[in-house]
Ligand code: ADP
């Protein structure tokens, strides 16, 4: 049976991440391939309410696969949290002839789309775009791999200066309440300690480990701290704490911040985005809705969006064990 969907709207919402452009490109090109119209919605739900739309064809997305950020821009929009705001959004979409949505964003953006679907029956499929990798229903979110490469690159550089001066560096990385970036980049960059919210082993253990490092002859040390770490101290307080208890160390702090969200997407993120975009459009044209595209065991899967929102992404226990062995 031919699909009733004739025009798909695509937008990026919430925090941006590398790979979002590659996903937009994939959605637009899949629509062109399937002979379905595609409209870009600028600035997420804000642009939806304001009718900030632009028809897109295969050529509208030339030369963006390698670009960080999002050509459609992203925004946070309080009006969409209200029934009145969503009603205006619905009227704008209808006036433009858009009859289904691909939302590229995080769990907040998915929640908005789910509520909108409940109220207006608007078909939607989500693509997870966030560097934090904190979404249930996928082993990898778009941007996570790129962020890891950025963090590892920064830590390699910090290590050069740390070892030249025999210094201890605390490096804070992003991740909100989860430690995926810290754990993976910490293992990849050979950090001496990795502090993640999921495994609070206390400050005594940190001091013990740093003492051991010094005694075993290490000339420099890198400690990765996830921003949501639960030691009860922020990264600057940690520095003071260690300097107070282990004066042998000359401690420095580096907060990597927003550079982790930028930059050209890695090949992995570009390929994943291309695959997810195809899957999202295909799912809509098959009459499916309220699902998020994810990847597990290198196969694309679809997860009910409410599960993706409510579930928590689990830490890789095996990698935690590897990190413990590597930091010996
Ligand atoms: P992310 O998608 O990265 O998690 P946010 O949590 O900031 O980002 O959500 C992005 C946008 O999604 C919000 O600015 C708002 O417009 C919309 N949104 C989030 N939660 C809701 C909700 N409960 N109801 C309606 N819209 C929502």
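Within region 303-328, the set of residues being over 18 Å from the mean Cα position of the chain (by Cα) and within 20 Å of residue 272 (Cβ to Cβ) comprises 319 only.
Out of all the residues in region 199-230, which are surrounded by fewer than 19 Cβ atoms within 10 Å (Cβ to Cβ) and over 16 Å from residue 167 (Cα atoms)? Answer for region 199-230, where residues must be surrounded by fewer than 19 Cβ atoms within 10 Å (Cβ to Cβ) and over 16 Å from residue 167 (Cα atoms): 199, 200, 201, 202, 203, 204, 205, 208, 228, 230.
Go through region 22-47 and give me each residue that's more than 10 Å from residue 10 (Cα to Cα), crowded, with 21+ Cβ neighbours inside 10 Å and within 16 Å of the ligand (Cβ to nearest atom). Selection gives 45, 46, 47.
Give me a count of the residues in region 162-174 that are closer than 11 Å to residue 222 by Cβ and over 26 Å from the mean Cα position of the chain (by Cα).
Filtering region 162-174 down to residues closer than 11 Å to residue 222 by Cβ leaves 162-163, 167-171.
Now restrict to residues that are over 26 Å from the mean Cα position of the chain (by Cα): 162-163, 167-168.
Counting residues in region 162-174 that are closer than 11 Å to residue 222 by Cβ and over 26 Å from the mean Cα position of the chain (by Cα) gives 4.
In summary, residue 293 fulfils each of the numbered conditions (1) touching a residue at least 60 places away in the same chain (Cβ under 8 Å); (2) within 30 Å of residue 160 (Cα to Cα); (3) in contact with a helix residue (DSSP H, G or I) (Cβ under 9 Å, 6 or more places away or on another chain); (4) not in a loop (DSSP other than H, G, I, E, B) with the single exception of condition (2). Looking across 55, 18, one residue alone is closer than 26 Å to residue 266 by Cα and either in the same structural domain as residue 283 (by TED's automatic domain parsing) or touching a strand residue (DSSP E or B) at 6+ places or on another chain (Cβ under 8 Å) (or both). It is 18.
What residue, of 82, 70, is within 13 Å of the ligand (Cβ to nearest atom) and under 22 Å from residue 280 (Cα atoms)?
Working: 82 fails: under 22 Å from residue 280 (Cα atoms).
Being within 13 Å of the ligand (Cβ to nearest atom) and under 22 Å from residue 280 (Cα atoms) holds for just one of 82, 70, which is 70.
When 243, 237 are checked against the criterion of being surrounded by 14 or more Cβ atoms within 10 Å (Cβ to Cβ), farther than 30 Å from residue 103 by Cα and without any contact (Cβ under 8 Å) to a residue 40 or more places away in the chain, 243 stands alone in meeting it.
List the strands (runs of 3 or more DSSP E) inside region 53-128, counting only whole elements, that have at least 2 residues being touching a residue at least 60 places away in the same chain (Cβ under 8 Å). Please lay out each step first, then the result.
On the way: elements: 53-56, 100-105, 124-128.
Ranges flagged: 100-105, 124-128.
The helices (runs of 4 or more DSSP H) falling completely within region 141-252 that include 3 or more residues that are in contact with a helix residue (DSSP H, G or I) (Cβ under 6 Å, 6 or more places away or on another chain) map to 144-165, 180-189.
Taking region 85-102, which residues are within 27 Å of the chain's Cα centre (by Cα) and within 13 Å of the ligand (Cβ to nearest atom)? Selection gives 85, 86, 89, 101. Exactly one residue out of 141, 70 is touching a strand residue (DSSP E or B) at 6+ places or on another chain (Cβ under 8 Å) and either assigned by TED's automatic domain parsing to the domain that holds residue 247 or more than 22 Å from residue 7 (Cβ to Cβ) (or both): that is 141.
The values are calculated or read from the model by the stated rules, or taken from the named source; none is laboratory data. Predicted model, so just to flag it, every value in this text is computed and none were measured. So basically every Cβ, Gly included, is an ideal-geometry build from the backbone, and we count neighbours across all protein chains shown.
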